[in-house]
Amino acid sequence: MSKKINVLILPSDKTGVGKFRSVDPHIMLQNLYPDDFHVDIDYEPRINDPNFWKKYQIVHVHRNIGVNYDQTPHLIKSLKEMGIIVIVDIDDYWLPTKEHPIHSIILHDKIHEKIVANLRVASYVTTTTKIFADEIRKFNKNVVVLPNAINPDEPQFNQPTEESDRIRVGWLGGSSHLHDLKLLDGFISKNGSEINNKLQYVICGFDTRGSVTEIDQKTGQRKQRPIRPEETVWARYEEIFTNKYGIIDENYKKFLLEFKEQEYVGDSTLPYRRVWTKPVNQYAANYSKFDISLAPIKNHIFNRMKSQLKVIEAGFYKKALIASQVGPYTIDLKHALKEGQFTDGNALLVQEARNHSDWSKYIKKLVQNPNLITDLGERLYETVKDTYHLKNVTITRAEFYKSIVN
């Protein structure tokens, strides 16, 4: 029997990106190839103990080892000198734009430069898309694309879509997308009352936790305080998806502005629905709460380097998708309208110059042609079901790992 390849996984967190980029892919690797690989996942590696490292042939790092960015390049070099292959995985561009909530902190601490330093010394870099891989090759030519992938056996990807008399238009995401969602601003009033009466708008992931970090520009000193609910980007998101609370009655508006994490009786039948945040192993179940998924992103380098995870998730849930014709959403998506006629495309794509009009235009099209909602969902599922199945991506990963060790 051939000797197993020992792989050490160092996830960057326990709650978010660690699941998709570090933990789930390597649990699947261990399960599919128990005779070929032994996988350890460690959140607190004994960094300064050579004996800890020497049993591994591959060390897989997401972006950085631990919290010390300055130490990581030296550690990677030491591991390589021991004959260990170090793979640095990265799924987001290293410098967010000025609009991003952590832009100033990254710039102040030069974290973007430190991430690039890690990429330069890595044996290999893995990432999510060919678009991002081409950018990374400026610093390291050994780049392999292992896309984000879904295990459709997970319960969160198997929730039946709720019944409703309304067609539900939903968005699911995190707290760094205010400037992306601003592309939709005013789209509800453009839809008009006749269309809006048939719709429910849904925001998933609502979260008022967190703090505000204030940096003194002269001294560099930071102060933190708890954020007030009305200060959160989620309050701004909600204004966009309710037309500044104009599509709901005063009782519901009063309830929403109390920001209590509790259900409002009958909200599934109302023009707007707020869905609170869920853990990373449950959040995708929110796709069961709507029929049409929106994926607006501004056209800048940070977004162009993003993965197409929203496409993949909507596809596995068979949801119709309206997305920006930008970066990751150009990889798998084909526009389903030509000169006003429906084609064999698998989504509706909004060009950058048409943000002012086409989000509402395409929602109207789907309301007026509800069969297309089902058709687009089925076509998107056929697009993603094999390419982004975690088992298939893991087969590619196993071949890659074997090739670099042998």
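Throughout, read-outs are computed from the coordinates displayed, never taken from laboratory work. The structure displayed is predicted, hence computed values, not measured ones. Note that we place each Cβ from the backbone using ideal geometry, even for glycine, and neighbour counts take in every protein chain shown.
Summary table
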{"read-out": "Dipole axis of the chain (+1 Lys, Arg; -1 Asp, Glu on Cβ), positive-most option in Pro370, Tyr401, Leu79", "value": "Leu79"}
{"read-out": "Residues with amide H under 5 Å from that of Ile41, placed H, sequence gap 5 or more", "value": "Ile9"}
{"read-out": "Hz values of 3J(HN,Hα) by residue in region 202-207 - Karplus curve (6.51, -1.76, 1.60), Gly and Pro given as x", "value": "10, 10, 10, x, 3, 7"}
{"read-out": "Simple Cβ-charge dipole of region 155-384, Lys/Arg +1 and Asp/Glu -1, about Cα centre, in debye nearest 20", "value": "580"}
{"read-out": "Positive minus negative residues near Pro279 (Lys, Arg vs Asp, Glu; Cβ under 11 Å)", "value": "+3"}
{"read-out": "For the chain, the spread of Cα positions along each principal axis, largest first, Å", "value": "68, 54, 39"}
{"read-out": "Relative compactness, region 107-250, computed as alpha-carbon Rg over 2.2 N^0.38 Å", "value": "1.46"}
{"read-out": "Ranked Trp276, Trp234, Trp94, criterion: other C-beta atoms within 10 Å, fewest first", "value": "Trp276, Trp94, Trp234"}
{"read-out": "R0 of 25 Å, Cβ-Cβ distance Ile41-His112: FRET efficiency to nearest 0.05", "value": "0.40"}
{"read-out": "Signed unit charges on C-beta, dipole axis of the chain, positive-most listed residue Ile106, Phe157, Cys204", "value": "Ile106"}
{"read-out": "Test item: Cα-centred dipole of region 251-380, Lys/Arg +1 and Asp/Glu -1 on Cβ, debye", "value": "280"}
{"read-out": "Neighbour count of at most 15 Cβ within 10 Å plus DSSP loop: longest GluC sites (Glu not before Pro)-free window in the chain", "value": "1-98"}
{"read-out": "Around Ser324: net Lys/Arg minus Asp/Glu count, Cβ-Cβ under 13 Å", "value": "+3"}
{"read-out": "Charge sum, other residues only, whose C-beta stays under 12 Å from Arg166's C-beta, Lys/Arg counted +1 and Asp/Glu -1", "value": "-1"}
{"read-out": "Interchain or long-range residues, amide H under 5 Å from Asn6's placed H", "value": "His38, Gln57, Ile58"}
{"read-out": "Using θ = phi - 60° and Karplus 6.51 cos²θ - 1.76 cosθ + 1.60, couplings along region 142-153 (whole Hz; Gly, Pro as x)", "value": "8, 10, 10, 8, 10, x, 4, 9, 10, 9, x, 7"}
{"read-out": "Region 155-384, Cα convex hull volume normalised per residue, Å³", "value": "142"}
{"read-out": "Other-chain or far-sequence residues with amide H under 5 Å of Ala320's (modelled H)", "value": "Ser293, Gly377"}
{"read-out": "Eligible lysines near Lys110 by straight Cα distance, threshold 16 Å, same-chain separation 8 or greater", "value": "Lys98"}
{"read-out": "At least 20 Å along the helix axis (C-alpha) and Kyte average at least 0.0, DSSP helices within the chain", "value": "390-405"}
{"read-out": "Percent of beta bridges antiparallel (DSSP, the chain, rounded to nearest 5)", "value": "15"}
{"read-out": "Sequence-distant lysines (8 or more away, or on other chains) whose Cα lies within less than 23 Å of Lys130", "value": "Lys19, Lys114, Lys138, Lys141, Lys298, Lys306, Lys310, Lys334, Lys385, Lys391, Lys402"}
{"read-out": "3J(HN,Hα) from dihedral phi, region 294-302, Karplus parametrisation 6.51/-1.76/1.60, rounded to Hz, x for glycine, proline", "value": "9, 9, x, 9, 6, 8, 8, 4, 4"}
